[in-house]
Amino acid sequence: MRIAIALIGCGLGLAACKPRDGGTPRAQPVHASDATTSAAPDAVPVATPGQRTIGARIAAGAVRGPAPADEYHLVFTSAADADRARAASARVLAGRGDAEVAALALADTMFMPEALPYRGVELTDADRAGLGAAATALRVTVGHPATDHDLANDLHLTAAAARAGAAAGHGWIVDPYTSQVFSVASFDGTRPAGFAIEAHRVIIIDAVRDDGGGIFLETFGMARLGLPELYVRGLPSSYRDDVVVLVNAAAQTLIEGGRLPRDGELDVATARLTTEPWPTRHRELVAAGGTGAVTLGATWSTGDDDHHHADPEIELTIGDGSAVAVAEARRAFFGLDADEVIQAARDDAELAAARKRAMVELAKLAPRFAHGVPDLEQLMVKAPFTTDDGGVEWMWVEVHAWHGKRLSGVLANQPFSIAALKEGAEVVVDQDELFDYTHRRADGTTAGGETNAILERP
């Protein structure tokens, strides 16, 4: 029999909480049922240019709107610290008529103590202790003229004023667009003076468990640039790391261009991105055999169902949106090699013993997954599939549901000897026929996978 060793991305980190609503202006969504749209028969309608019609394909052309006033929130442990900070920030903003440093109630900031494990950026134990005693806050704001303005300069000015205030008042910087919390040191590392307007620096991407057992991705921070946030749903969690790269590339494409070339489509090509690290990343992708290119579907969406009140977002789809299409696109984009296939004897006593131990431990997880995949966790099982020549190929399946003895999910390997089956296909497997499992817990630790160690030995 053949054992497929899946190339599963490490470092899965699903977000356990989302940013609460900020104070930035919001557009009113228009739903396709309430708007006049034109469409070819049997096709998704195209939104009227300039109108964000929920459920419609986005019209070709500009998607960037006016950028809102840029702002940061500063938090301090005392009013005296806040007073020193106000003076320091004001000095940086001197002469800028549309800038302001104002008192802000701590409850009105985007500082969320419960989110520090996910939103804190390189905070020390001393930072976390200080934030626990936070008592007062300021808001640093720089407006943008409606026309003929240099957005990058405005963003750099706001950041410089926030940095100066936090340093003078021994406080911390909160980004209200992403809910990230920075110390002065971590802010300098992420957004140094004159920082590049680049996706990795100015946005974050949440990965959140959905009702189907997979995940969805959603950006925060594009709105600061006058751009819609991005949303991708229905993804296997094992594709997370790769699709995050695709979403970052899509975000950078819009940051640098701000428009769609055709109705309902966004062309992403790392070869055309000019802001580092993208030129370097493109060379690495090509060296690995990848294209660095993908065309994504683009429709207006409300994003996560919990955010129907928010600005319309761009929902991106890869191919037809299926896991199979995502798998094919990521292999082409990154130049991923075929999964390794290892031959194993049917009567291998060591493997048989490891399998027996694995099945005992897997059975103990059944109650935990009976009502769906818990937040921040992932379960993979190795299951048998009949090959075209009547043999058996063992491959990994990402589990999305477990009912009785039946586990359903998506295939996480590209089959070697089964022409009609593709990576990403939805499959159902029998618990009694499984060979091994891996369980990634919420704290990042893992269990299972004992047979892999045996198979991969020299």
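No lab work stands behind these numbers, since they all come straight from the coordinates. Bear in mind the structure is a predicted one, so any value in this text is a computation, not a measurement. With ideal geometry, Cβ positions are generated from the backbone for all residues, glycine too; neighbour counts draw on all protein chains shown.
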Which angle from 0 to 90°, rounded to the nearest 10, does the C-alpha axis of helix 79-92 make with the longest principal axis of the chain? 80 degrees
Counting each DSSP H run of 4 or more residues in the chain as -39500 (n - 2.57), what helix-only mean residue ellipticity at 222 nm follows after dividing by all residues, to the nearest 500 deg cm²/dmol? -7500 deg cm²/dmol
On the formula 1/(1 + (r/R0)^6), with r taken between the Cβ atoms of Lys356 and Thr124 and R0 of 45 Å, the FRET efficiency rounded to 0.05 is 0.45
Would you mind checking which residues have amide H under 5 Å from Leu104's amide H? H placed 1.01 Å from N; only 5 or more apart, or other chain. Ala137, Leu138, Arg139
According to a simple spin-label model (label point 7 Å from Cα along Cα-to-Cβ), what is the distance in nm between Glu265 and Leu106? 5.4 nm
Enumerate the calculated ³J(HN,Hα) couplings along the range 203-212 in order (Karplus 6.51 cos²θ - 1.76 cosθ + 1.60, θ = phi - 60°), each rounded to whole Hz, writing x wherever the residue is Gly or Pro. 10, 10, 10, 8, 10, 10, 5, 9, 5, x
Amide H to amide H, which residues 5 or more places from Val410 or on other chains are under 5 Å from it, using H placed in the peptide plane? Glu398, His400, Val427
Could you please state, rounded to a whole Å, how far the C-alpha centre of the range 121-181 is from the C-alpha centre of the range 349-388? 46 Å
What is the log10 of I(q)/I(0) for the range 315-458, computed with the Debye formula using one identical point scatterer on each Cα and no solvent, at q = 0.09, 0.16, 0.19 Å⁻¹? -0.29, -0.95, -1.30
Placing one equal point scatterer on each C-alpha of the chain and summing with Debye, one gets log10 I(q)/I(0) at q = 0.06, 0.10 Å⁻¹ equal to -0.31, -0.82
What's the percent breakdown of Cα-Cα distances in the range 380-458 across 5 Å bins, shortest bin first? 3, 15, 23, 24, 20, 10, 3, 1, 0
Based on the mean of other Cβ atoms within 10 Å per residue, sort peptides 238-244, 132-138, 217-223, 255-261 so the most packed one is first. 217-223, 238-244, 132-138, 255-261
Using the alpha-carbon atoms, what tilt in degrees (0 to 90, nearest 10) does helix 349-363 show relative to the longest principal axis of the chain? 50 degrees
Which residues qualify? For Arg259, with a placed amide H closer than 5 Å and at least 5 residues away or on another chain, they are Val63
Can you run phi through the Karplus equation (6.51, -1.76, 1.60; θ = phi - 60°) for the range 255-260 and list ³J(HN,Hα) in whole Hz, with x for Gly and Pro? 4, 7, x, x, 8, 9
Estimated distance in nm for a label pair at Phe416 and Ala363, the labels positioned 7 Å out from Cα along Cα-to-Cβ: 3.0 nm
Tilt relative to the chain, helix 278-287 - C-alpha long axis, 0 to 90 degrees, to 10: 20 degrees
So for R0 = 35 Å, FRET eff. of Ala152-Ala287 from the Cβ-Cβ r, to 0.05, ends up at 0.70
Please list 3J(HN,Hα) in residue order for the range 262-270, calculated via the Karplus relation 6.51 cos²θ - 1.76 cosθ + 1.60 where θ = phi - 60°; whole Hz, with x for glycine and proline. 9, 4, x, 9, 10, 8, 10, 9, 4
How many angstrom separate the Cα center of the range 407-427 from the Cα center of the range 432-453? 19 Å
FRET efficiency for Asp83 and His200, Cβ-Cβ distance as r, R0 = 22 Å, nearest 0.05? 0.05
